[in-house]
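Novice: Shown below is the structure under consideration.
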Amino acid sequence: MDFAPSPIPASEPPRDCPLCPRLVAVRHALRAAHPDWWNAPVNAFGDPDAWLAIVGLAPGKQGANRTGRPFTGDYSGDLLFGTLARYGLAEGGYEGRPEDTLRLTGAVIINAVKCLPPENKPTTEEIRHCRPFLAGQAAALPNVRVFVALGQIAHQSTVKVMGGRLPKARFAHLAEHRMPDGRVLIDSYHCSRYNQNTGRLTPEMFAAVFARALAVREEMGAAA
């Protein structure tokens with residue numbers, strides 16, 4: 001399967017990244033079972049001149065690991081891309097496949113973990129191995145001033161990448177943290193099927209995160 005190039009290619013892991021043996025084994029097994037799937041580290045997706053970076057957890061089996069584009073092809077993408085469109089951060093049509101006309105404007109998606117972890121649960125070591133890629137992508141997006149972390153793992157990796165301290169930046173939905181370099185991190189519960197079905201995250205709660213991100217951008221611009 002071919003896929004559009006990353007907006008920040010120099011920061012991406014190789015297609016056959018060897019750093020995490022467990023994830024490599026999963027990748028090889030899925031390549032044998034589903035040779036038409038992406039089955040590789042998933043690239044960033046979005047606007048290279050973005051002011052907003054959305055940090056996800058990791059590819060989903062039926063989503064990004066299959067399609068090669070973050071949040072594309074699974075339940076979480078419907079809410080994420082619909083919300084981004086509502087706030088002018090996406091245009092075109094989202095159809096759950098990388099060949100659709102969806103385009104992000106002012107936003108980019110980068111993941112804390114690039115490869116599919118079993119049961120969506122990466123180990124501490126796997127998260128640590130992938131952190132340099134997250135750091136490289138954050139550094140390669142000079143216009144990003146606001147980050148949205150989807151879930152606690154994304155939050156923790158983003159805080160560490162941005163030089164913050166976890167005891168002073170605790171995860172909570174809509175929690176807001178100013179990092180040492182002046183950029184702002186806003187937390188959200190992950191837009192997973194489980195969180196949506198259990199009511200832990202509602203569309204209104206998710207929308208509030210991006211409304212706040214836009215307000216923070218305005219505040220930062222006014223203060224400049």
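The values are calculated or read from the model by the stated rules, or taken from the named source; none is laboratory data. The structure presented is a predicted model; accordingly, all values stated were derived computationally and were not measured. When we count neighbours, we look across all protein chains shown, and the Cβ atoms used for this are built from the backbone with ideal geometry, even at glycine. These accessible areas exclude ligands, DNA and RNA; they are computed on the full protein's heavy atoms, side chains included. Shrake-Rupley method; radii C 1.70, N 1.55, O 1.52, S 1.80 Å.
Novice: State which residue is farthest from T158 (Cα to Cα) when the search covers only segment 125-139 and only residues that are surrounded by fewer than 19 Cβ atoms within 10 Å (Cβ to Cβ) and aliphatic (A, V, I, L, M).
Specialist: Among those residues, the one meeting the criterion is A139.
Novice: Turning to a different aspect of this structure: Scan segment 9-38 for residues that are among the hydrophobic types (A, V, I, L, M, F, W, C), assigned to a helix (DSSP H, G or I) and open to solvent by less than 90 Å² (accessible area, probe 1.4 Å) and jot them down.
Specialist: L23, V24, A25, V26, A29, L30, A32, A33
Novice: Quick test for you: out of G88, G93, pick the one residue that is free of Cβ contacts under 8 Å to residues at least 40 places away in the same chain, assigned to a loop (DSSP other than H, G, I, E, B) and open to solvent by 30 Å² or more (accessible area, probe 1.4 Å).
Specialist: Sole residue among the options that is free of Cβ contacts under 8 Å to residues at least 40 places away in the same chain, assigned to a loop (DSSP other than H, G, I, E, B) and open to solvent by 30 Å² or more (accessible area, probe 1.4 Å): G88.
Novice: Same structure, new question: Give me the residue from segment 148-169 that is in contact with a strand residue (DSSP E or B) (Cβ under 9 Å, 6 or more places away or on another chain) and farther than 22 Å from T123 by Cβ and, out of that set, surrounded by the fewest Cβ atoms within 10 Å (Cβ to Cβ).
Specialist: Only one residue fits best here, namely K168.
Novice: A further question follows. Of these, V26, V55, which one is of a type in the set (A, V, I, L, M, F, W, C) and closer than 26 Å to G92 by Cβ?
Specialist: Criteria check complete, one pass: V55.
Novice: Something else now. Out of everything in segment 40-64 that is free of Cβ contacts under 8 Å to residues at least 60 places away in the same chain and open to solvent by 10 Å² or more (accessible area, probe 1.4 Å), what residue ends up being farthest from T124 (Cα to Cα)?
Specialist: Filtering segment 40-64 for residues free of Cβ contacts under 8 Å to residues at least 60 places away in the same chain gives 43, 59, 61-64.
So of that shortlist, the ones also open to solvent by 10 Å² or more (accessible area, probe 1.4 Å) come out as 43, 61-62.
Values: N43: 21, K61: 20, Q62: 23 Å.
Top of the filtered list is Q62.
Novice: Oh, and also: Look through A224, A215 and report the one residue that is at pLDDT below 95, over 19 Å from the mean Cα position of the chain (by Cα), farther than 28 Å from K121 by Cβ and exposed (fewer than 13 other Cβ atoms within 10 Å of the Cβ).
Specialist: A224
Novice: On to the next question. What number of residues in segment 170-182 are surrounded by 14 or more Cβ atoms within 10 Å (Cβ to Cβ) and small (G, A, S)?
Specialist: The qualifying residues number 1.
Novice: Looking only at segment 102-113, decide whether some residue is closer than 18 Å to L23 by Cα, of a type in the set (V, I, T) and in contact with an Asp or Glu (Cβ under 8 Å, 6 or more places away or on another chain).
Specialist: Yes, segment 102-113 has at least one match.
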